[in-house]
Amino acid sequence: MQYNESGIGVIEVICGPMYAGKTEELIRRTKRMEYAKKNFLIFKPNIDNRYATDFVVSHNKKSMEAINIDINHPEQIIAYVTEEIQSIVIDEVQFFDERLLEIVKHFADKGMRVICAGLDMDFKGEPFGLIPNLLAMAESVTKLTAICNCCGEEATRTQRLVDGRPAYDDDPIVLVGATESYEARCRKCHQVLHHHE
Ligand code: ADP
Ligand code: TMP
Ligand code: MG
Ligand code: ZN
């Protein structure tokens, strides 16, 4: 049941913009657990159907099998976590209902290693869903950067494009997609359009 000898659980968060390597890093940490013969489960939201439904898949096609969870019912995770599970790994955490926080805390309190990856900001550059609270609760936060598609500097933001133009600030927050709708951008090159301007 316990992640380490002392039984102290931990919450690790991997965040950043799209294309920063969050899913790759999640896979890297999980593969290392596989080598260490730890028992883990990977979860992902059911709305992320970009590359595959039953796998977490990175933009450069690295993948691992994952269990789909309804974003409005994060408590579905609980039924999968049996006594021998030492770690739970969740990708795209930004999409889940706030109640995921209690579940993450519950398993960390029980001595498990909980690894969460997700976007820190939405396309407007604002904190995404439950992420602020999750970052505050975590023992470890890794912020990754991508490369700005415009200037080649470090990208900390995600640019949403609609027909090649920056999206408006009243666009819906959730829009599953990849290169057809999103680019990585630095603070200087990132743009959001406002209707009142
Ligand atoms: P995330 O989950 O953070 O969106 P992934 O782990 O799925 O990222 O994919 C990261 C990979 O995306 C990189 O290793 C690289 O191959 C690719 N990639 C595509 N566009 C970019 C970019 N603008 N900057 C950095 N990596 C990029
Ligand atoms: P990624 O971080 O693994 O690349 O995936 C991010 C997912 O989040 C992708 O499906 C696009 C989606 N997304 C939104 O729904 N709203 C947003 O504002 C942004 C930036 C991304
Ligand atoms: Mg990802
Ligand atoms: Zn730039």
Counting residues that are modelled with pLDDT of 95 or more, farther than 29 Å from ILE88 by Cα and of a type outside the set (A, V, I, L, M, F, W, C), which strands (runs of 3 or more DSSP E) fully inside the stretch 109-197 reach at least 2? 157-162, 182-185
Can you list residue pairs whose Cβ atoms sit under 8 Å apart, with the first residue in the stretch 168-189 being under 17 Å from ALA146 (Cα atoms) and among the basic types (Lys, Arg) and the second being part of a loop (DSSP other than H, G, I, E, B) and within 15 Å of ligand 3 (Cβ to nearest atom)? Count only pairs 6 or more apart in sequence or on different chains. ARG185/PRO17
Working carefully through the options LEU161, LEU119, find the one that is free of Cβ contacts under 8 Å to residues at least 24 places away in the same chain, buried (at least 16 other Cβ atoms within 10 Å of the Cβ) and not basic (Lys, Arg). LEU161
Look through MET18, MET33, MET112 and report the one residue that is within 23 Å of TYR182 (Cβ to Cβ), surrounded by 14 or more Cβ atoms within 10 Å (Cβ to Cβ) and not hydroxyl-bearing (Ser, Thr, Tyr). MET18
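How about the stretch 1-94: which strands (runs of 3 or more DSSP E) wholly inside it have at least 1 residues that are of a type in the set (A, V, I, L, M) and without any contact (Cβ under 8 Å) to a residue 60 or more places away in the chain? Write out each step before concluding.
Values: elements: 10-16, 40-45, 55-57, 63-65, 67-69, 87-90.
The qualifying strands (runs of 3 or more DSSP E) are 40-45, 55-57, 63-65, 67-69, 87-90.
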Out of (1) closer than 17 Å to ILE11 by Cβ; (2) within 14 Å of the chain's Cα centre (by Cα), what's the single condition that is false for HIS106? (2)
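Residue by residue, here is whether (1) in contact with a Cys (Cβ under 6 Å, 6 or more places away or on another chain); (2) within 25 Å of ASN39 (Cα to Cα); (3) of a type in the set (D, E, K, R) holds:
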position: GLU92; (1), (2), (3): no, yes, yes
position: ASP109; (1), (2), (3): no, yes, yes
position: VAL114; (1), (2), (3): no, yes, no
position: ILE147; (1), (2), (3): no, no, no
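The values are calculated or read from the model by the stated rules, or taken from the named source; none is laboratory data. This structure is a prediction, so every number in the text was calculated from the model and none was measured. Here Cβ is always computed from backbone atoms with ideal geometry, including for glycine, and neighbour counts include all displayed protein chains.
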